[in-house]
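Undergrad: Please read through the structure below; I'll follow up with questions.
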Amino acid sequence: MSETKETKFSTDEMKIVKEIQQKYVDTQHKLGQISVAEIRLQQQMDALMETRQELNESFIKAQEEEKEFISKITEKYGDGVLNPETGIYNPKIEK
C-alpha cells in the first residue's frame, strides 16, 4: 500500500482558490439579477401588449361609432361636409 502525503496549499495558492470561488459566486449573483430583470421586462412587455390590444379595440370601436354617426347624419341631412370648427353642415351639390 502506498501512503499519501498531505500537502498544504500556500497562502498565495489559497488566495487564488478564494478568488476563483468568489468569481463563481459573483457570476451566479449577476445571472440571478439578469433573470429577475428579464422577468420584470417580460411583465412590462405583457402589460404594454395588453394596453395595445385595448387601444386597438378602442380604435375599432371609434371607427364603428363614426361610421354609424355618419350614416345617421347622411340619412337625416343628405350627403355633405361638416365644418368641425363651425358646426355647419353643407349639403353636397349634385350636378
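Undergrad: Taking H placed 1.01 Å from N in the peptide plane, check which residues at least 5 places from GLY80 or on another chain put their amide H under 5 Å from its amide H.
TA: Under 5 Å from the amide H of GLY80: LYS92.
Undergrad: Here's a follow-up. Calculated from the structure, percent of Cα pairs over 24 Å apart equals which of (i) 27; (ii) 9; (iii) 68?
TA: Label (iii) holds the value from this structure.
Undergrad: Evaluate the charge dipole of the chain about its Cα centre and quote only its size in Debye, nearest 20, assuming +1 on the Cβ of each Lys and Arg and -1 on the Cβ of each Asp and Glu.
TA: That gives a dipole near 280 debye.
Undergrad: Quick check: residue separation of PHE9 and LEU82 times 0.36 nm, minus the Cα distance between them. What number comes out in nm?
TA: Separation in residues times 0.36 nm, less the Cα-Cα distance, equals 17.2 nm.
Undergrad: Hey, another quick one. On a full-extension model of 0.36 nm per residue, what is the gain between ASP46 and ILE73, subtracting their alpha-carbon distance, rounded to one decimal in nm?
TA: In short, 5.7 nm is gained.
Laboratory data are not the source of any read-out in this text; all were calculated from the coordinates shown. Computed from a prediction, not measured in an experiment: that's the story for all the values here. Using ideal geometry, Cβ is built from the backbone for each residue, glycine included, and neighbour counts are taken over all protein chains shown.
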